[in-house]
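Working notes, structure below.
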Amino acid sequence: MPWEDLGGHLLALLIYPGGLSALLVGLAAEIGAAWALVPERGGLAAAARGTLRLVPRTAPPPAAWAWVLALAAATQLAAPFSPVPAAERNTLVAAAALLAAAWLAWSWGWGRRAASARLVLTVQAIWLLAVLLPSMGPGNLRPQALGAVVLGGQVPLKLACGLLYLACLPALLMLLPESAPQGPPGTVARAQSPEESGFLALRVLLWMPCCGLFTSLFFPSGDGFLAVVRFPLVTLGAAAVAIAVAANLTRRPAGVTRLLYERLALPFAGFAVLVAALTPVLVH
Amino acid sequence: MGIVEVAAVVVAWLGGAFLVLSDARRGIALGMALYSAGLAAVLFTAPLAAVALGGAGLVGAALRLRDGRRGWGTLPPGSTPRLLLCVVAGVLTAFVGSSILEGPGSAPMRVTILLGGALGAARLLSTRRREAALASTAVMTLAVGAAEASTGGPAAATVVLAAALGAILLGVLPGVETDIHGT
Amino acid sequence: MVLGAAALLIWFAGAAGLRVGRPLAAAAGWLALASICLLWLPRRSLAEWSGPSLIPGARLILRLDAVSFAFALCVLIPAALLLTFQRRGWRESGAAALTVAAALLAVLADGILSTSLFWGTAATLLLVQLRADHLRATEVYWPALVAGWLALVWAGGALDVLSGTAVYTAVPVTAMTSALFLLILAAAMLGSGVLPWRPWTAEVWDRPRLYVGSLAVALLFPIGFYVLVRAYGADGGRWPSPWLNVLVGALAVLIALTSALRAQAATTRRQFLSEALPGLGGFALLALAVGTATGITAAVATLLTAAVVAALLPLLPEAAESRAAPLLLALLVGAPPAATFAARALVVQSGIEAGGGWGFLALAAALAWLLSFAAAARAGRLPAVGRGTEAGGSAAGAGVAALVLLAGGPLLGWLVAQVCLPATAEVVTVPPGAVAGGSIAVLTAAGAWPAVALGLPLLVLVLLPLLGGRSPRVAAAVEAPPPLLSPVWARPQARIWNRVRALRVPEQYRSLFNPRALEAAMGRGQPLLWAVLLLALAVAVNR
Amino acid sequence: MGPELALGLPAVGAVLAAALRRRPAVALAGGGLLGLAGAVVLALLAVPQAQSSLLGLNLPAAPRALLLLTALALAVMVALAPPQADRVGLLAAGLAGMAGLAAVAAAPDVLAVAVVVAVLAAGHAALPGGQPFPTRMRAPGLAVALLLAGALLQHAGDAPVFARLAALSLVLSLVAAAGLVPFLPELDPEEPAPASPVAWTGFFGPALAIALVARMQPTIGADGVPVYGSLLVGLGVLNLAWGTVGAWRADGDVAAWRYSFLADWGLALVGLGMVVPDGYAAAYLVLASVLLVRFPLYLWARPVLLNRAPAAMGPANVLLAAALAGAAPFAGFSVRVLLLRAATQVYWPLALVLGLGMLIWLAHSFRLARTLGAPAGRSAVGVVLALGFSLLLGLAPAVLLALGGL
């Protein structure tokens, strides 16, 4: 039995980059998002109080499974000093875990509030393209290997995919009314059911894997000083961009979000696929 | 081709024609008798076959007189097409048998055999009368026997005797229909 | 032999008034599974049993090698589970045991003709059981199976003509032409119910009771794939033309996508579940089409997973909403750490690893996977069974099958090392380092799945809330929520079908196509008719 | 004098059975014993010493084996006939048929066959039935005329045209003798089974066809072979299509049964026409299955067909449907393998056509199986036997083929 390996993954799952660290990063981002999206409810302190008030007392199964999947996704990040061997990290595992977690939330939240499953499906499709297209050229799904590609023919594709990834983050993180059956950050004062609070907590755990995966895929990683500094900065930067886009979209009239994703992001995703198809032809 | 052979062919044709043109027992029996007589005459080179087939034909014809519609019934109203058929069949078989086919046997023999086959089949396919169907089948059987005799195939004698026997058996079969339904 | 004997025993005992059908059939199923493992795993050496001559030039030979062992597992695992947990009378149990025996022989057969014999036998036995239970859906099942069977028989016969043998391992490389392969492909797709439209494997779910239909799906699904895997062996580790791989790959993706589309538009939970296997079939077919060592390994792994899914689906309790329903639905469509996830991931990885166009096909498959996640979330809101269908299932059986499915993820490394990779090595050459499995992870050039290291903790963490947690039963909606994507093909399909049905022979020509009139003419045929016919034929043959 | 005995014993049996009609038990016993003796003699003819003949007759292996199967089928049908059936009549007709078929098989050439066909067909047409004698004699009568024409043309000269026309006549005579499309006799659903054209096509036809082909094929010259083959295949495909579609669309169940025989014959003709060993073996197996499976089943379906029993669709009927549809592991398996293999050897698109025909075949099998109702008593035993025969032909066709010297 590979105890050492097992220990490493357990550590990654429960402490870093999953578990505790995901919770801390998530809480910080959630409070920031609550403050940014609903400023009229008071400052950061009020947002923090409101967020902490929603911490679930129990672990309702569907939500708990979603938490576990979010943490599993976090273990696949190319985070510095991650206890998971680099060769055993896999973008596909992270993507599948995140999608499964999101749809577990939807199995509870289908038809609640203003949430639109169709829009979320569209966004997730675009996001999946953004995650997988960069791996086409190298034929590799290890995040650090993909992140390391910063020069050469892959750059235009990575740029396109990076943009798409960032554009999808607000919906993926359930920051928009259309994508959050449990309600966007700061909009819920008290959870109606254990499931609701469970899925509110899920969002807290999604920040780290979603934003961290962006860093892992599009920026070089490692255990050197630069990498150690770059990872948290880019991850938090991605979270900040997501919050900013979400804040902007929530202030606009209803339907704008749908237009943005279906009329702008989707064709751009098609363009990215085209770039991915042409890259090997143009490079060789 | 001798005069006797030509006469025999004409007699056979007459027999075939009677078979086709008659709807009653006497006419049919006469047709069968004439055909077998003609056949026997053209088969004079194979005496055994001539005797067997001729005799069987005559016996069959006699047996046909037992049952079926009374009288001659020859050339009933509306038999013009049948008459035409006889003439055309006669001309065609004569042409094919003498000019196109190079064997088996002599030309008159071939013509007679063809006449039996053609007129017998024509009658069988066009009649609704049982006695006529039995007689025409018998005539075809006799023609087949004659063909076997002329080709001289393996066990030809057996086949000729079988044909003769067959013609008699066909004569033995009753000429009246019985209709039963069930399993 | 075990299963055949069990069937006879069950029938004799039943006739004597001793109703021991179900336990005996179940025991036979497990015993057969144990014996095949005991026969293969310790020695891992080829074993052959020669039988009588079937037809001139075709002898019956059974062959146990890595490929047939893997597919025997695909047949026996669901069979044993279904025979144990499904309610059957003694007659049905006997028939089921016999059918399992036939299906097992089909994957142990060493040639196409023997496979077609046993495959056809299994299909026939299943038809009898299906019709005895209910008439519905056999109108789709029977023609599809017979068409597939005929295609396979033809392919076998043609191979025999071209190369003097239809034995998989003896067919010369030159004999397996593209046309022959297309026949085999048609047979496989029709027989396994893996098609771009709703196949029989989904249709059998429209039946009121599932116990026969589900057995049919479980037993016949792997056999088509068995023939396709053997086609690699028969053609020196490749299919006759690279274009065939591309064609099959494109078809496979289409199958996965259409299946996911149908699943997300389902009106009942059963309809959703009915699409699980065709979807997985699409993934398995894609992996097979990739044709690399990783691809074929992924295909075998997917088929082993599909075998467990085939057993789980009909055992799922349908009457009440179970607490585990959301988890089960998510597991079915491939949430980590279940085997469904690991297998799908391995398939997508194999495509990306192969590079070029395969990467894009893998991407399309991943999108189909995403769509099935959404479908699963929606399925939670659907009524469990449709009109006229009877709720069935077995909580215990579903529990066991779900556990096997969950454990399959962490065990995938072991499965790959012990079953999938040897089967792959039997038909293609495996380059060193292409794909490896062990107790830690499944490693491929494109990526890894830390099966035990990550899968095991996940498994424990996923099970904990189920044991400890408490959640209210989610009541299904009275009517199904609208589909996420409305099936665009439905309306044109109906329109074309109506057009075709509306086609008529013009009035003035109908007499030409009146068979009754023609028959009357034959029956009462006047001499002139025959004379003309003969003359025409005489002219025709002398031209 | 083996061949003479094989021919004579059933004939005497037929006469005896007919004569003792008033005392069924004695008639069945006497006729049965003589029939059995005839069958034993047939089996003994496998030994060369037993083949010496006074009349210069000989029985080749292929028709001999099929004759044995005919005897077996007759025994099964008489022993297990439905209660309402006239078993003595069945035995008498069957034995007469056996004698006639033995004569056909022993006939030294096509002309001899023509003589026997004429007498045999007349005997059959003379049996009490729904259709008048002339109507029932048309097809066989035409067959006799065509055989005569064929034989004459074979001796007509060396020009290729004669060989081609002879082949044409002989092939058409075969089709007409068996009562197939385009020489389909009229069918009266009500008429007794022994007298119906179905009995002719299903019971007398198979041995007749094999015997005729055994005599016909060697005498067709090189110029005639293409005509012989293509015509047989063409007529086979025509009968296959006519039979499968007809059995599916027919109004009455009796008609559906009759069409199903045509479909089987279609396969047989195609097999014979391909003129390769596989094709011949396939045709042989099809005709054997017609004798041992389809015709006995038709007989056991009569009570339902005559509305004396209700139709049903139990598991046994489904199994029968599968057997009638040619599914594995029944006779259909070996037939289909051999046919498709032969077609691939000869001309692969033919295999495609055959495959389509075999697929349409499915449509009628359930319909036919329903007409067997819920078999009980003798019928149940008969159905089990028929399934057994079908299974044997499917799994061990080599046995029968070896028996037929193939």
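The values are calculated or read from the model by the stated rules, or taken from the named source; none is laboratory data. Quantities reported herein were computed from a predicted structural model and do not represent experimental measurements. FYI the Cβ positions are ideal-geometry reconstructions off the backbone, even for glycines, and counts take in every protein chain you see. All accessible areas refer to the heavy atoms of the entire protein, side chains included, with ligands and DNA or RNA removed. Shrake-Rupley method; radii C 1.70, N 1.55, O 1.52, S 1.80 Å.
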With a 1.4 Å probe and all protein chains kept in place, how much accessible area does D:His155 have, in Å² rounded to the nearest 10? 90 Å²
The alpha-carbon pair-distance distribution computed for the range C:1-130, with 10 angstrom bins and whole-percent values, is 14, 42, 32, 12, 1
Within 10 Å of each Cβ of C:337-344, how many other protein chain Cβ atoms are there on average? 2
Express the C-alpha Rg of chain D as a ratio against the empirical globular expectation 2.2 N^0.38 Å, rounded to two decimals. 0.91
Given R₀ = 51 Å, FRET efficiency for C:Arg209-A:Leu282 by Cβ-Cβ distance, to 0.05? 0.30
How long is the gain from A:Arg263 to A:Val229 if the chain were fully straight, where each residue apart is worth 0.36 nm and the alpha carbon distance is subtracted? 8.6 nm
Rounded, prolate or oblate: which fits the range A:14-124, taking a ≥ b ≥ c as square roots of the Cα gyration tensor eigenvalues, rounded meaning a/c under 1.5, else prolate when a/b beats b/c? oblate
So which residues of the range D:50-73 lose at least 30 Å² of accessible area, probe 1.4 Å, when you go from the chain by itself to every protein chain present? D:Leu55
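Would you mind working out the accessible area per residue for chain B, using a 1.4 Å probe, and quoting it in Å²?
Per-residue value: 38 Å².
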Checking an interface number: how much accessible area is buried between D and B, summed over both chains, with a 1.4 Å probe, in Å² rounded to 100? 3500 Å²
May I ask you to derive the relative contact order of chain C, considering only C-alpha pairs under 8 Å and at least 6 residues apart, and to give it as an integer percent? 13 percent
For the interface of C with D, what's the total buried accessible surface in square angstrom, probe 1.4 angstrom, rounded to the nearest hundred? 4000 Å²
Please tell me the relative contact order of the range C:207-315 in percent, rounded to the nearest whole number, where contacts are Cα pairs under 8 Å and at least six residues apart. 29 percent
Around D:Val113, under 15 Å between beta carbons, what's the net of Lys plus Arg minus Asp minus Glu among the other residues? -1
One-quarter of the Cα convex hull surface for the range A:103-165, in nm²? 5.2 nm²
Evaluated at q = 0.14, 0.16, 0.22, 0.23 Å⁻¹: base-10 log I(q)/I(0), Debye formula over Cα of the range D:292-406: -0.63, -0.78, -1.16, -1.22
Phi to ³J(HN,Hα) by Karplus 6.51 cos²θ - 1.76 cosθ + 1.60 over the range D:295-306, Hz, x for Gly, Pro: 5, x, 5, 4, 5, 6, 8, 3, x, 6, 5, 9
Can you give the accessible area of D:Tyr228, probe radius 1.4 Å, in Å² rounded to 10? 0 Å²
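Give me the extension gain from C:Ala531 to C:Asn498: residue separation times 0.36 nm, minus the current Cα-Cα distance, reported in nm with one decimal.
Value of the extension gain: 7.5 nm.
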With x for Gly and Pro, the residue-by-residue ³J(HN,Hα) of the range D:150-166, computed from phi through the Karplus equation 6.51 cos²θ - 1.76 cosθ + 1.60 at θ = phi - 60° and given in whole Hz, is x, 4, 4, 5, 5, 9, 7, x, 8, 5, x, 4, 5, 4, 5, 5, 4
State the dimensionless ratio Rg/Rh of the protein assembly as shown (Rg: radius of gyration of Cα atoms; Rh: Kirkwood radius). 1.12
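Calculate the FRET efficiency for D:Gln84 and B:Val87 from the Cβ-Cβ distance with a Förster distance of 56 Å, rounded to the nearest 0.05.
Efficiency, from the Cβ-Cβ distance: 0.60.
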On complex formation of C with A, accessible surface lost, both sides summed, probe 1.4 Å, nearest 100 Å², amounts to 4400 Å²
Tell me the per residue accessible area of the range C:140-213 using a 1.4 Å probe; a whole number in Å² is fine. 26 Å²
Rank C:Val153, C:Pro56, C:Leu127 by how far each Cα sits towards the positive end of the charge dipole of the range C:18-162 (+1 on Lys, Arg Cβ; -1 on Asp, Glu Cβ) and give me just the farthest. C:Leu127
Report the far tail of the P(r) of the range D:13-171, meaning the percent of Cα-Cα pairs longer than 19 Å. 63 percent
Whole-Hz Karplus couplings 3J(HN,Hα) for the range D:112-123, θ = phi - 60° and coefficients 6.51, -1.76, 1.60, Gly and Pro as x, run 4, 4, 4, 4, 5, 4, 4, 5, 4, 5, 5, x
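Count the net charge of all other residues whose Cβ sits under 10 Å from the Cβ of D:Pro82, scoring Lys and Arg as +1 and Asp and Glu as -1. If you can, show how the numbers build up before the last one.
Numbers: positive: D:Arg87, D:Arg302, D:Arg308, D:Arg378; negative: none.
Cβ neighbours under 10 Å give a net charge of +4.
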With all protein chains present, how much of the accessible area of the range D:1-87 (probe radius 1.4 Å) comes from carbon and sulfur, to the nearest whole percent? 74 percent
Using a 1.4 Å probe on the protein chains only, how many percent of the accessible area of the range D:260-316 belongs to carbon and sulfur? 62 percent
Please give the net charge around C:Ala202, taking every other residue with its beta carbon less than 9 angstrom from that of C:Ala202, where Lys and Arg add +1 and Asp and Glu add -1. -1
Using a 10 Å cut-off on Cβ to Cβ distances, tally the other chain neighbours for every residue of D:181-187 and report the average as a whole number. 5
Looks like chain A, by Cα gyration tensor root eigenvalues a ≥ b ≥ c and the a/c under 1.5 rounded cutoff (else prolate when a/b is bigger than b/c, oblate otherwise), is oblate
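Considering every residue in C:137-144, what mean count of other chain Cβ atoms within 10 Å of its Cβ is obtained?
Per residue, the number of nearby Cβ atoms from other chains is 2 on average.
Using a 1.4 angstrom probe on the protein heavy atoms only, could you order B:Ser99, C:Ser178, A:Ser116 from most to least accessible area?
B:Ser99, C:Ser178, A:Ser116
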Expressed as a whole-number percentage, the relative contact order of chain A with C-alpha contacts under 8 angstrom and at least six residues apart is 28 percent
If you scale each eigenvalue of the Cα gyration tensor by 5 and take the root, what three semi-axes come out for the range B:96-148, rounded to whole angstrom and sorted largest first? 24, 11, 6
For the range A:77-223, what is one quarter of the convex hull surface built on the Cα atoms, given in nm²? 9.1 nm²
Order of exposure, largest accessible area first, which applies to A:Ser193, D:Ser365, D:Ser52 with probe 1.4 Å: D:Ser52, A:Ser193, D:Ser365
How much solvent-accessible surface does D:Asp253 expose, in Å² to the nearest 10, with a 1.4 Å probe and all protein chains in place? 60 Å²
Charges on Cβ only, +1 for Lys and Arg, -1 for Asp and Glu, centred on the Cα centroid of the protein assembly as shown; of D:Pro206, C:Gly236, A:Leu236, which one is farthest towards the dipole's positive end? A:Leu236
Amide H neighbours of C:Val442 under 5 Å, at least 5 residues apart or on other chains, H built in the peptide plane: list them. C:Trp449, C:Ala451
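Classify chain B: rounded, prolate or oblate, from the alpha-carbon gyration tensor (a ≥ b ≥ c, eigenvalue square roots; a/c under 1.5 rounded; otherwise prolate if a/b is larger than b/c)?
It comes out oblate by the Cα gyration axes.
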